[in-house]
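Contents: one structure, followed by commentary.
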Amino acid sequence: MGVGAVPRTFLSRLPSLRRKLGPIKGVSYSTGRKLALSVGAGFAVPHYAALEACPVIWVMVPEASLDGVLSSLAEQTVLDKTIVVICATLRESHDFALLKGARLATLDLIDDSHASGFVAEGHREAVGMLRTLMRQEQRQFLEIRSGSKAAYLASIQLMTHLTRALFTSAINCLQVTGLSRPNAVDMVTSLVTRSVKSHRRVGAKPWSASERKELRHGLEQRLQELRDLCPLESEVYASAVVLALEYFERLGTPKRVRSHHA
């Protein structure tokens, strides 16, 4: 089942999956034919009922269309132990209870690169099928616990969209010092790489007293000067320092042991 640019998605880049494609249901029969031609496999069908004989149904539709498409599938098709893989969704498999009888899983790329690995969650049979497929494709495959996708998505955004604000602010600060943008980008890239390598060694170890003192000193002594040089970056810097100090302070605080007499 596909809507939109399915040929440009990861499904079309998995040869062992493409070889097994059968009926393809688009928003219309003509759309299904175009999808089949673009992917180079399968054949268009006019109704969702044609998918009933399939042991595995792959769903690749935009999030906004997902509920409507799955509702039509549930109404027109008996899903008795059918594996249904919902691709590139922000939701979890347990959010699609309307697909009664199906073995549900969600599947996402770890990142957008052509050779990226995959992450999945859901019913053990569905996840087992995906693991076998990815082994055939020689792709990295990670399974996350059902009910934890919010934490997974948060981690992705922390290291992509949200980190971009820190990268951009750091580069802009360096340019204020007179460095060219290419030099600033190279320096930030080098520092990020070094930080990642350092984190692999120390892990979540809380900051030392000297590190906390250095950050507080920067916040107290250099913030006004930074505001004069680059007002927007000063706000990002101050917010990041306050948040980081609070986070690592709480991370390093031993959890209270509940008294047996409480």
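The values are calculated or read from the model by the stated rules, or taken from the named source; none is laboratory data. Every value quoted in this text rests on a predicted model; they were computed, and no experiment measured them. Every residue, glycine as well, gets a Cβ built from its backbone with ideal geometry; the counts of neighbours run over all protein chains shown. Just so you know, the surface numbers come from the protein's heavy atoms only, side chains and all, with ligands and any DNA or RNA stripped out. Shrake-Rupley method; radii C 1.70, N 1.55, O 1.52, S 1.80 Å.
Here are the numbers:
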item: Residues of the stretch 229-246 that turn out to be without any contact (Cβ under 8 Å) to a residue 12 or more places away in the chain and under 17 Å from residue 158 (Cβ atoms), as a count; result: 3
item: Sole residue being more than 29 Å from the chain's Cα centre (by Cα) and not aromatic (Phe, Trp, Tyr), chosen from 23, 55, 62, 46; result: 46
item: Residue pairs meeting the criteria (Cβ under 6 Å; at least 6 apart or on separate chains; first polar (S, T, N, Q), in the stretch 55-74; second open to solvent by 20 Å² or more (accessible area, probe 1.4 Å) and outside any helix (DSSP H, G or I)); result: 65/3
item: The listed residue being without any contact (Cβ under 8 Å) to a residue 60 or more places away in the chain and open to solvent by less than 60 Å² (accessible area, probe 1.4 Å), out of 132, 163; result: 163
item: Residue pairs meeting the criteria (Cβ under 8 Å; at least 6 apart or on separate chains; first at positive phi, in the stretch 213-228; second at pLDDT 90 or above); result: none
item: Residue selected from the stretch 96-110 under the condition of a type outside the set (A, V, I, L, M, F, W, C) and over 26 Å from residue 140 (Cα atoms), by the criterion most open to solvent (accessible area, probe 1.4 Å); result: 100
item: Test: residue in the stretch 232-241 that is outside any helix (DSSP H, G or I), aromatic (Phe, Trp, Tyr) and either open to solvent by 60 Å² or more (accessible area, probe 1.4 Å) or at pLDDT below 85 (or both); result: no
